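Below is one structure, written out as structure tokens; the observations come after it.
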């Protein structure tokens, strides 16, 4: 049995050092981030999402495939995923921990497993099966994931992402920033409209 990640709503809601409520407080992309796409892509899209957020799952299943084909696979955009666990927080935080503990190159495989499997747990499927799907996609053994979840650095990493969301004024999930600016319309058309003016002109 995978050890529970000790991240509760009280821990997430505890006072954080970041307090700015504007996009200018958005943390810069760092080595601790999970990134899909080329490091030198001219446009950076940062997403704050939760693995138990139905709107996040819908975006990942219906928008991301075309977004990836149009912008990420062509080297124009890199997508940075940051965890912001939502209710039920204990469930979302544990999933976030499993994803952070994955081999970095497999992070988005774990994200896909959680997003596509979310509807099943809402319908009453066992949480253990949902977590197991994430572990199976992680590139690590269950024992390795268990040890990582028990490491305080895992909790601290998620708390740092939550603090960054607070600093950026994030109000809900999913939330997107295109080159540091918040984008309200998270549809493919809305994100495309924010991205295209920032792309180099030939």
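The values are calculated or read from the model by the stated rules, or taken from the named source; none is laboratory data. All of these numbers come straight from a predicted model, not from anything done at the bench. FYI the Cβ positions are ideal-geometry reconstructions off the backbone, even for glycines, and counts take in every protein chain you see.
Please specify each residue of region 29-73 satisfying the condition of being surrounded by fewer than 17 Cβ atoms within 10 Å (Cβ to Cβ) and touching a residue at least 40 places away in the same chain (Cβ under 8 Å). Result: 29, 32, 38, 42, 54, 55, 61, 66, 70.
Exactly one residue among 177, 107 is touching a residue at least 24 places away in the same chain (Cβ under 8 Å), closer than 19 Å to residue 31 by Cα, assigned to a helix (DSSP H, G or I) and in contact with a strand residue (DSSP E or B) (Cβ under 9 Å, 6 or more places away or on another chain), and that residue is 107. Checked against the criteria, residue 77 counts as modelled with pLDDT of 95 or more and over 15 Å from residue 133 (Cβ atoms). Among the residues of region 1-11, none qualifies, meaning not one is modelled with pLDDT of 95 or more, under 23 Å from residue 98 (Cα atoms), in contact with a helix residue (DSSP H, G or I) (Cβ under 9 Å, 6 or more places away or on another chain) and in a helix (DSSP H, G or I). Scanning region 54-84 for residues that are in a loop (DSSP other than H, G, I, E, B) and closer than 21 Å to residue 94 by Cβ turns up just one, 84.
Of the residues in region 126-144, not one is in contact (Cβ under 8 Å) with a residue 40 or more places away in the chain, surrounded by 15 or more Cβ atoms within 10 Å (Cβ to Cβ) and in contact with a strand residue (DSSP E or B) (Cβ under 7 Å, 6 or more places away or on another chain).
Any residue at all in region 150-157 that's assigned to a strand (DSSP E or B), touching a residue at least 40 places away in the same chain (Cβ under 8 Å) and either surrounded by 14 or more Cβ atoms within 10 Å (Cβ to Cβ) or touching a strand residue (DSSP E or B) at 6+ places or on another chain (Cβ under 7 Å) (or both)? No, region 150-157 has no match at all.
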